[in-house]
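Take a look at the structure below.
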Amino acid sequence: MSLVAIVNTHWHLDHVSGNPALKAAFPRLKVYGTSAIDGALMGFLANSAAASRKALAEGAVPAAAVGDVEGDLATIARGTELRPDVIVDETRDMVIAGRPLSLRVAHLAATERDLWIYDADQKRAIVGDLVTLPAPFLDTACPEGWLAALDDVAASGAEQVVPGHGPIMSTADFHRWRDAFGDFIACARGAGALEGCSAGWLAAASRWIGDDSVRAKAMADYYGGLIRAGKLDGYCTA
Ligand SMILES: [Zn+2]
C-alpha cells in the first residue's frame, strides 16, 4: 500500500505533526490543506512555543507533561514542513487518488479556515474538528462561524459524519451533537451560571461521554469560561 494524499482539516498539531514523517516514508504523498497554518505559525503557535519554553525553563511543567511539551516544540520548530503542498482556501471539487471528493472550506469556524470533505459517492462527511468529543475543542474557534459550518454539513446530504475526535455518527447523532453544541454556545453567551452550561453539555452528550465525564466537564468549564469572557471573539474577525 502506498499513501498518496493527506487532507489536513486544520493546523492543530494533533492533525499536522505526522506530515513530515509520512512524507519521508511516502515520497509521492501530497498534503492538502488551507493556508491558515501560515498565520498560526506566526501567531498562535509561535506564542504557545514561547510560553512553553518559558514554562520549561522555570520548571513549571509537570514531569509527566514534559515529553509532550518538548515534542510540540520540536514540531513547531519544523513548522514550514507542516505546510500543505496543495493549498485549498476555497471550496472545490477534486479528484484525489482517483476518488472524486468535494473539499469544503469553512471560514472562521474551529480555526480561521477549516477543511472538511464531502464524499458524495459514500454520502459521507469527514469533518475534522467541527465535531469533537468529549467536548467541542474551542481553543482557536469562532463559535458562531462553527455553528454556520455545521449547518453546511447538515445541508450536504451526508448520511454519515466522521468526527475529528469521536465515533462515526449517523445523521441523527450528528444533529444531536449539533443541537448540544448550539445550546452550549447560547448558554455560555447568556447570563446564567456557567456550571449550568457545562451540566447541559454533559447531559446532552452523555451517550458519547460515557466514563470520560471528568475530562468532559473540565473542558466544558474551560471553554464556557473563554466564551463568557469574550476571549474567542477575536477569532470571529478575519
Ligand atoms: Zn483535533
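The values are calculated or read from the model by the stated rules, or taken from the named source; none is laboratory data. The shown structure was predicted, so the numbers you read here are calculated from the model rather than taken from an experiment. Positions of Cβ are generated from backbone atoms using ideal geometry, with glycine treated the same way; all protein chains shown enter the neighbour counts.
Pairs, please: C-beta under 7 Å, at least 6 apart or cross-chain, first residue farther than 18 Å from residue 134 by Cβ and in the range 162-176, second more than 16 Å from the ligand (Cβ to nearest atom) and of a type outside the set (A, V, I, L, M)?
170/160; 171/159
Checking residue 14 against (1) under 18 Å from the mean Cα position of the chain (by Cα); (2) closer than 24 Å to residue 165 by Cα; (3) surrounded by fewer than 16 Cβ atoms within 10 Å (Cβ to Cβ); (4) more than 16 Å from the ligand (Cβ to nearest atom), only one condition comes out false. Which one?
For residue 14, the exception is condition (4).
Looking at 208, 201, which one is more than 16 Å from the ligand (Cβ to nearest atom), aromatic (Phe, Trp, Tyr) and touching a residue at least 60 places away in the same chain (Cβ under 8 Å)?
Just a single option satisfies the conditions, and that option is 201.
So residue 44 passes all but one of these: (1) touching a helix residue (DSSP H, G or I) at 6+ places or on another chain (Cβ under 8 Å); (2) within 16 Å of the ligand (Cβ to nearest atom); (3) at pLDDT below 95. Which condition number does it fail?
Status for residue 44: all satisfied but (1).
Residues in the range 129-137: is at least one within 16 Å of the ligand (Cβ to nearest atom), surrounded by fewer than 16 Cβ atoms within 10 Å (Cβ to Cβ) and under 21 Å from residue 36 (Cβ atoms)?
No, that holds for no residue.
In the range 121-136, which residues are in a loop (DSSP other than H, G, I, E, B) and either under 24 Å from residue 207 (Cα atoms) or touching an Asp or Glu at 6+ places or on another chain (Cβ under 9 Å) (or both)?
122, 123, 133, 134, 135, 136
Quick one: is residue 209 farther than 30 Å from residue 47 by Cβ and surrounded by 21 or more Cβ atoms within 10 Å (Cβ to Cβ)?
yes
For (1) within 26 Å of residue 97 (Cα to Cα); (2) in contact (Cβ under 8 Å) with a residue 60 or more places away in the chain; (3) surrounded by 13 or more Cβ atoms within 10 Å (Cβ to Cβ), each residue gets a yes or a no:
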site: 5; (1), (2), (3): yes, yes, yes
site: 9; (1), (2), (3): yes, yes, yes
site: 19; (1), (2), (3): yes, yes, yes
site: 23; (1), (2), (3): yes, no, yes
site: 47; (1), (2), (3): no, no, no
site: 54; (1), (2), (3): no, no, no
site: 59; (1), (2), (3): no, no, no
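Quick one: residue 159 ticks every box in (1) in contact with a Ser or Thr (Cβ under 6 Å, 6 or more places away or on another chain); (2) away from the ligand (no atom under 16 Å from the Cβ); (3) without any contact (Cβ under 8 Å) to a residue 60 or more places away in the chain; (4) under 27 Å from residue 21 (Cα atoms) bar one, so which box is it?
The failed condition is (4).
Identify the single condition in (1) in contact (Cβ under 8 Å) with a residue 40 or more places away in the chain; (2) over 18 Å from residue 128 (Cβ atoms); (3) more than 16 Å from the chain's Cα centre (by Cα) that residue 186 does not satisfy, given that it satisfies every other one.
Going through (1) in contact (Cβ under 8 Å) with a residue 40 or more places away in the chain; (2) over 18 Å from residue 128 (Cβ atoms); (3) more than 16 Å from the chain's Cα centre (by Cα) one by one, residue 186 breaks only (1).
Can you pull out the residues in the range 145-180 that are in a strand (DSSP E or B) and either among the small types (Gly, Ala, Ser) or under 16 Å from the mean Cα position of the chain (by Cα) (or both)?
Within the range 145-180, 161, 162, 163, 164, 165, 170 meet the criteria.
Residues 139, 183: which one is in a loop (DSSP other than H, G, I, E, B) and assigned by TED's automatic domain parsing to the domain that holds residue 120?
So the residue among 139, 183 that is in a loop (DSSP other than H, G, I, E, B) and assigned by TED's automatic domain parsing to the domain that holds residue 120 is 139.
Exactly one of (1) among the charged types (D, E, K, R); (2) over 18 Å from residue 19 (Cα atoms); (3) not assigned by TED's automatic domain parsing to the domain that holds residue 152 is unmet by residue 68. Its number?
Of (1) among the charged types (D, E, K, R); (2) over 18 Å from residue 19 (Cα atoms); (3) not assigned by TED's automatic domain parsing to the domain that holds residue 152, only one is false for residue 68: (2).
Among the listed residues 171, 237, which satisfies the condition of being at pLDDT below 95 and surrounded by fewer than 21 Cβ atoms within 10 Å (Cβ to Cβ)?
Being at pLDDT below 95 and surrounded by fewer than 21 Cβ atoms within 10 Å (Cβ to Cβ) holds for just one of 171, 237, which is 237.
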